[in-house]
Amino acid sequence: MKRILSRVGIGSARVDTVLPKTTLTAGESVEAEVHVEGGQTEQEIDAIYFALLTRYKTDDSTRTGVIDKFQVADPFTIEPDEEKTFPITIDVPVDTPITVGRTNVWLETGLDIDWAVDPDDKDPVQIDPGPRLSTFLDALDSLGFTLRTSKCEKAPGGLFSSQQFVQELEFVPHSGPFGGKLDELEVVPTETESGLEVKLEIDRRGGLLSEMADMDERWTQLSFTDENASEMKSKLRDEIERHT
């Protein structure tokens, strides 16, 4: 009976990932531990799997997006009430969405058990931007922009066709050179190991007719590699001014 119950999750083995911290930076590696505790009966564990997840919107639903996934450990047996610990390294992808606005990210750990409900563990984490994106956000702040909201959405075709979803950050100018000139600035950052690509939607402040015809919106794109804060600010300001 215990073996039957464990197959539906009752009295099954349990898993828990212990992180050294709950605030992670995109692009960093974190040493952690996975604790597995046996249930009421012996069980064969095929693997320990991990997924870094978020949620993103489509036209008609909200879906779970996979940022990254991997597995560790060879198959092993866990005896009743036995405890096993596995050291792991979690590599946070450089393009992980940052947790601002409505964007949430969590780490899910699970045990792969044949013919049974897989036990899992969910750990919410805060994701801070990597150095390039952090510098870019500082540049926006110094130009008078304030973050209004953030969300992940299904990636459009074309430029982002290889991505499942993208993060969109929406800013409004409260001061600085663009205060009173723009309604908002939408930013879609895509960071890689070699650089930062930023797609911008510049929403100029216009009259009713231009807004109805979307004539006040301009799209453009910038690339950054090794620019310092001052250079990034200047490049960003010039590009926005070119479209206002």
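The values are calculated or read from the model by the stated rules, or taken from the named source; none is laboratory data. Just so it is clear, the structure is predicted and the values come from calculations on it, not from any experiment. Here Cβ is always computed from backbone atoms with ideal geometry, including for glycine, and neighbour counts include all displayed protein chains. Just so you know, the surface numbers come from the protein's heavy atoms only, side chains and all, with ligands and any DNA or RNA stripped out. Shrake-Rupley method; radii C 1.70, N 1.55, O 1.52, S 1.80 Å.
For region 38-55, the candidate set comprises residues that are touching a strand residue (DSSP E or B) at 6+ places or on another chain (Cβ under 7 Å) and open to solvent by 20 Å² or more (accessible area, probe 1.4 Å); within that set, the residue that is nearest to residue 102 (Cα to Cα) is 55.
For region 80-116, filtering for residues that are aliphatic (A, V, I, L, M), under 23 Å from the mean Cα position of the chain (by Cα) and outside any strand (DSSP E or B) leaves 4.
Note on region 104-129: residues that are farther than 24 Å from residue 194 by Cβ, among the β-branched types (Val, Ile, Thr) and modelled with pLDDT of 95 or more amount to 1. Of all residues being open to solvent by 80 Å² or more (accessible area, probe 1.4 Å) and of a type in the set (Lys, Arg) in region 204-244, which is modelled with the highest pLDDT? Just the residue, please. Among residues in region 204-244 that are open to solvent by 80 Å² or more (accessible area, probe 1.4 Å) and of a type in the set (Lys, Arg), the one modelled with the highest pLDDT is 237.
Of everything in region 60-79 that's assigned to a strand (DSSP E or B) and among the hydrophobic types (A, V, I, L, M, F, W, C), which residue is least open to solvent (accessible area, probe 1.4 Å)? Residue satisfying both the conditions and the ranking: 78. Scanning region 13-26 for residues that are open to solvent by 50 Å² or more (accessible area, probe 1.4 Å), outside any strand (DSSP E or B) and touching a residue at least 60 places away in the same chain (Cβ under 8 Å) yields a single hit, 22.
With region 165-205 as the region, which strands (runs of 3 or more DSSP E) entirely inside it contain at least 2 residues that are closer than 24 Å to residue 64 by Cβ and not acidic (Asp, Glu)?
Values: elements: 165-173, 182-191, 196-204.
Once the strands (runs of 3 or more DSSP E) in region 165-205 are filtered for at least 2 residues that are closer than 24 Å to residue 64 by Cβ and not acidic (Asp, Glu), what remains is 165-173, 182-191.
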